[in-house]
Amino acid sequence: MDVFKSQYELIQRTRESLFRYCETMSPTDYVKEVESLGGASIRNLHAHVADCYRVWLGSRALGKSFPKAKPESVNTVQKMREVFQNTDALVYEFLNDYKNKWDPTIKASWQSGSVELTELWLFTHTITHEFHHRGQIVKIGRQLGYIPPKMNLAKPQ
């Protein structure tokens, strides 16, 4: 069993439950900026999560250039699913490229300098970052009047 691919599959299935929750919202509420969270919208947070994968795994780990997720061009949950199809392909490329070599460090730019990070750290950072924003998305949904179902990690199949 490839543990990291299995872990990411759990994350994808868990993300799907969040997308289904977001589909219960009006399109206006999906893009609505909420001041209590710094003017963030659910759509913008989704795009930010996808962009985090792009920057950390695509640019810093794989050394590739990928287009930035532009939230203003993604006005529906279905279109955001398409953004995440590209994100998933990037994650699997990263996992295939770094399979069995999780300890070597790579230099990555960070703030005004650089730091040496392991591929394990990069993968862990991106997935925990997604779950951090998942909580914010659910909180915004609640503030807009949408009661979420249980939002636990998906169970293994």
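The values are calculated or read from the model by the stated rules, or taken from the named source; none is laboratory data. Everything quoted here is computed from the prediction, not taken from an experiment. Using ideal geometry, Cβ is built from the backbone for each residue, glycine included, and neighbour counts are taken over all protein chains shown.
Values as computed for the structure displayed
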| quantity | calculated |
| --- | --- |
| Given (1) out of contact with any Leu (no Cβ under 9 Å at 6 or more places or on another chain); (2) within 20 Å of N44 (Cβ to Cβ); (3) in a loop (DSSP other than H, G, I, E, B); (4) of a type outside the set (D, E, K, R), index of the condition M151 fails | (1) |
| So E82, is it more than 15 Å from the chain's Cα centre (by Cα) and without any contact (Cβ under 8 Å) to a residue 60 or more places away in the chain | no |
| Yes/no for N86 being in a loop (DSSP other than H, G, I, E, B), within 27 Å of M151 (Cβ to Cβ) and not acidic (D, E) | no |
| Which listed residue, of R60, R20, R43, is assigned to a helix (DSSP H, G or I) and in contact with a strand residue (DSSP E or B) (Cβ under 8 Å, 6 or more places away or on another chain) | R60 |
| The range 85-109, residues that are surrounded by 12 or more Cβ atoms within 10 Å (Cβ to Cβ), among the acidic types (D, E) and over 18 Å from the mean Cα position of the chain (by Cα) | D97 |
| Criterion: more than 30 Å from I106 (Cβ to Cβ) and either at pLDDT below 95 or not in a loop (DSSP other than H, G, I, E, B) (or both) - qualifying residue of Y30, Y8, Y53 | Y30 |
